[in-house]
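A short worksheet on the structure shown next.
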Amino acid sequence: MTSTYLLYESASGYALFHAHGLDEIGQNTEAVRSSVSDLNRFGKVVKLAAFHPFESALDALKQCNSVSEGLMTDELRSFLEINLPKVKEGKKAKFVLGLAEPKIGSNIFEETKIPCQSNEFVLELLRGVRLHFDKFIKDLKTGDLEKAQLGLGHSYSRAKVKFNVNRVDNMVIQAIFLLDTLDKDINSFSMRVREWYSWHFPELVKIVSDNYLYAKVSKFIEDKSKLAEDKIPALTDIIGDEDKAKEIVEAAKASMGQDLSPIDLINVQQFAQRVMDLSEYRKKLFDYLVAKMNDIAPNLASLIGEVVGARLISHAGSLTNLAKCPSSTLQILGAEKALFRALKTKGNTPKYGLIFHSSFIGRASARNKGRMARYLANKCSIASRIDCFAENSTTTFGEKLREQVEERLDFYDKGIAPRKNIDVMKSAIESADNKATDMDIEEVASEASGKKSKKKKSKASANGEVEDRPSATENGDAKSEKKKKKEKRKLDKETEEEQQQQASEMLNGEVNGEEEAGKKKKKKKSKEEDHVAAEDSKKKKKKKSKSEDAE
């Protein structure tokens with residue numbers, strides 16, 4: 001008969017229990033459930049075999065994270081190998097290890113070949129262990145286990161929350177929710193402004209149709225009786241059309257609206273200003289969403305658009321969840337009610353969900369909308385996986401996938417055969433690699449230019465210091481000038497050497513040949529200058545000797 005061992009992961013350490021004499025209560029879940037509450041009966045069946053306490057709270061958090069992920073740590077492995085009976089190679093084990101998590105059980109079996117089991121019977125035994133755990137550990141004081149559980153629970157949840165906060169796609173989810181709410185609020189508030197101001201100037205509604213412009217114009221006009229032709233240029237600046245501005249002035253002269261008191265007009269103007277502020281904030285929020293989407297999911301944004309991509313991410317819960325979704329799920333994401341209604345009534349299932357808002361499905365014919373939705377969902381799922389798991393963010397794959405969707409549209413309409421997916425992906429990988437190399441070259445060039453500018457500044461400061469110093473004596477000036485020349489020569493040599501190194505890394509061998517030729521020319525010039533100076537000194541000596549002979 002195989003004996004059963006139980007592994008219990010407590011907040012204070014790993015505990016191994018040996019369950020023996022199970023025939024007395026029977027291999028029955030209900031029998032175990034009834035005997036769990038009684039410590040006298042349960043203590044006869046389950047006994048503590050070994051206990052390994054955690055070293056610190058940090059170690060407990062590490063072990064807890066590994067258990068939750070289904071991974072066996074080195075400490076747990078050594079603990080099991082020391083305290084469990086050894087399994088001989090080629091022979092079946094005479095014991096079973098009971099666990100609460102089947103995920104970590106499969107990992108333990110793969111690593112150590114220890115047979116693991118997780119069923120209702122084992123879970124009931126572990127429930128009894130959890131209930132009487134403080135009685136099994138003799139050295140454990142009252143309240144210690146509760147403190148350890150509370151501390152580990154706080155640290156584990158805090159670590160999970162920190163991990164979630166650092167996920168940038170949460171900002172996209174919040175931004176798209178706020179954008180939808182703002183759209184609804186701005187529409188309802190704009191309608192309220194129109195209804196309110198139409199009591200005073202009803203003709204303005206037909207002339208100005210845009211909500212934001214209507215609020216702006218109503219705030220500018222205020223009282224229609226004061227509107228004259230001298231305000232036409234200002235109205236033209238607001239609307240952007242001179243004919244409409246003249247039409248507003250003419251309509252104000254023959255308006256059918258009633259007069260409003262100054263207090264009512266002030267309230268209308270304040271509310272119109274609020275609507276304008278909300279509209280401007282909505283534009284800023286949209287720009288923020290576009291920038292965030294280009295950072296988080298650049299390929300998905302370039303394929304299907306920033307707003308539709310953000311809606312897909314928010315509906316899935318995160319970019320990782322969206323990347324895990326198959327294309328069939330992504331296709332009907334957002335149409336869950338219609339899907340389950342169709343399944344219930346055995347009707348036709350929906351062809352598209354949130355991706356219906358993409359321009360590609362609108363451009364497709366009614367016959368090809370379902371095909372286009374399926375193809376677009378396939379490409380969106382590829383783009384989301386690239387954005388989620390790629391190390392470098394680039395829009396190359398999204399642009400290539402968009403080209404494929406365009407080619408598919410042409411194929412449905414005109415019958416032009418599209419390119420193969422493998423050829424498109426090869427070209428996308430090549431262009432992405434080329435972009436990466438170009439970025440590296442630009443970074444090297446910017447670093448080199450930064451070094452040059454620093455050296456130029458140091459040279460300029462050195463020259464300024466030389467000019468500011470007062471000349472003491474002629475000998476001293478000569479010495480200082482020689483020192484300065486030497487320093488300049490050293491700086492020039494250093495700059496030349498650095499330029500040569502950068503040129504050798506970035507340019508071809510031809511450029512190096514040109515630099516060597518320039519160096520040779522400089523050397524020739526210096527030799528010629530030395531030769532001329534030597535000839536001048538010889539001439540002077542001859543003149544002096546002639547004058548001495550004459551005397």
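Remark on ALA335: its backbone amide H falls under 5 Å from those of LEU354, a criterion applied only to residues 5 or more positions apart or on other chains, H modelled at 1.01 Å from N.
Working note: Karplus 6.51/-1.76/1.60 with θ = phi - 60° gives the stretch 104-120 the couplings 6, x, 5, 5, 5, 5, 5, 7, 10, 6, 7, x, 10, 9, 8, 9, 5 Hz, where Gly and Pro are set to x.
For LEU6, nonlocal amide neighbours, meaning residues 5 or more places apart or on other chains whose placed amide H falls under 5 Å from its own, are PHE17, HIS18, ALA19, GLY98. Residues with amide H under 5 Å of GLY13's amide H, sequence separation 5 or more or different chain, H placed in the peptide plane at 1.01 Å from N; which? Distant-sequence amide H within range of GLY13: PHE54.
Which percent of the accessible area of the stretch 297-440 is formed by carbon and sulfur heavy atoms (probe 1.4 angstrom)? Percent of accessible area from carbon and sulfur atoms in the stretch 297-440: 52.
Considering only protein heavy atoms, with the full assembly of protein chains and a 1.4 angstrom probe, order ARG192, ARG274 by accessible area, largest first.
ARG274, ARG192
Using θ = phi - 60° in the Karplus curve 6.51 cos²θ - 1.76 cosθ + 1.60, the 3J(HN,Hα) couplings for the stretch 429-438 round to 5, 5, 5, 5, 5, 5, 5, 5, 5, 4 Hz; x is entered for Gly and Pro. Taking the dipole about the Cα centre of the stretch 3-161, with the C-beta of Lys and Arg at +1 and of Asp and Glu at -1, give me whichever of MET72, SER155, LEU48 is farthest to the positive side. Of the candidates, LEU48 comes out farthest on the positive side.
Taking each of LYS337/LYS369; LYS324/LYS369; LYS86/LYS147; LYS47/LYS94 in turn, the alpha-carbon distance tops 27 angstrom for LYS86/LYS147.
Could you rank the peptides 48-61, 135-148 by their average count of other C-beta atoms within 10 Å per residue, with the highest value first?
48-61, 135-148
When a 1.4 Å probe is rolled over the protein heavy atoms, the share of accessible surface on the stretch 67-219 that falls to carbon and sulfur comes to 56 percent.
The values are calculated or read from the model by the stated rules, or taken from the named source; none is laboratory data. These numbers were taken from a predicted model, which means no experiment stands behind them. Every residue, glycine among them, receives a Cβ derived from its backbone with ideal geometry; neighbour counts consider all protein chains shown. Ligands, DNA and RNA are stripped out before the accessible areas are found, and what is left, the full protein with its side chains, is counted by its heavy atoms. Shrake-Rupley method; radii C 1.70, N 1.55, O 1.52, S 1.80 Å.
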